[in-house]
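What follows is one structure encoded as structure tokens, with my remarks underneath.
Readers should treat all values here as calculations from the given coordinates under stated rules, not as data from a laboratory. Since we're looking at a predicted model, the values are computed, not measured. Cβ coordinates were reconstructed from backbone atoms using ideal geometry, including for glycine residues, and neighbour counts include every protein chain displayed.
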Amino acid sequence: MIGASPNTISSYRDMFKMMFLFFEQVYQLSPEKITMSHFTRETIQHFLIWLVESRGNSLSTQNTRLASLKSFIDYLMKVEPDFLYELKEIRAIKAKSYGKPPMDFLSIDALTCLLGTPDTSTRKGLREATLLSLMYDTGCRVQELIDLTINDIRLSNTSTIQLKGKGNKQRIIPIMTPMSELLQSYLQQFNCTNHLFLNHSNLKLSRKGVTYLLQKNVDKAKTLTGIEFPNSVSPHVLRHSKAMHLLRAGVNLIYIRDFLGHVDIKTTEIYARADSEMKRKALEQSMNLVPSASQPIWQEDQSLLAWLNSL
């Protein structure tokens, strides 16, 4: 667990809670009675089915529990070598595939409208404008945003911000001049000594707090303009938006991967696939202008057919 983020620890905790509940309800075993002999491929598969059928979990949640369990299995393989075969069998269980919903992101017009919604002439508006703009400009995860401290910011001719990502991995993100100027105004108004964004109790802003501020401004932006917004705009949608805008600006996927803090380029490729899907749909719409191959134009021209038949 060294270097694990609070979210990763919470994921492991939830997996164990569900595992203990499963053994108690299905096998009438309390946690202290669970032994290595109970860790078989069949039992774990039963556990995964139980999550969906008895607990009503989605396949996505089931896969999350399986991923956490596999991390625990990796540990057991080191400390319980006598059960290596059984543990490898569990490790080989594959995650379930499921149809993922289309990726939501904001158009440039929608984003411009959203970021311009807070009134920066007020302290509250300046705080919200800085928070929303920083989320988009850096493409950060919400946890990375609320973990930001004053020491992570470098304002100069080439301003940067340091983000602490998953696994405590750090990356330096350049920030543009408008963002740098907005941050300077924010820091002049708010006497930050540690965390950059605080709630009304002067405690570190929570994930729910960020979501609330975002949704409040999205709702306001929708009433001010006829610009279309996705049905749901979460903090991660701003991250998706930044990635899609970089991609459409011709930025290389490798740079986008590093910018977002992805370990594997395959994770970043979802943006390229999403953009390709949109291009395909646009092409399909343009195909409506082409006459259908099943009914050639000459077949509809009765005078032409009559002339041909007379030959």
Revision key, fill the gap. Note: probe point = Cα of residue 199 + 7 Å toward Cβ; backbone nitrogen < 19 Å; residues of region 144-183 passing the test are 144-149
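Kirkwood hydrodynamic radius of region 6-91 from all distinct Cα pairs, in Å?
On the way: mean 1/r = 0.0755 Å⁻¹.
One decimal place: 13.2 Å for the Kirkwood radius.
Test of understanding: express the Cα radius of gyration of region 108-283 as a ratio to 2.2 N^0.38 Å, with N the residue count.
Values: Rg = 16.3 Å, N = 176, 2.2 N^0.38 = 15.7 Å.
So the Cα radius of gyration is 1.04 times the expected 2.2 N^0.38 Å.
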Point to revise | P(r) histogram, all alpha-carbon pairs of region 161-258 included - 10 Å bins from 0, percent | key: 11, 31, 42, 14, 0
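Give 96/208; 88/169; 70/222; 33/169; 17/242 a once-over and call out the pairs whose C-alpha atoms are over 32 Å from each other.
70/222; 33/169; 17/242
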Check your understanding: Taking θ as phi - 60°, what are the ³J(HN,Hα) couplings along region 165-172 by the Karplus curve (6.51, -1.76, 1.60), each to the nearest whole Hz, with x for Gly and Pro?
Key -> x, 4, x, 6, 7, 9, 9, 9
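Determine by what factor the alpha-carbon radius of gyration of region 2-47 differs from 2.2 N^0.38 Å, reporting the quotient.
Details: Rg = 12.2 Å, N = 46, 2.2 N^0.38 = 9.4 Å.
In units of the globular-protein estimate, region 2-47 measures up at 1.30.
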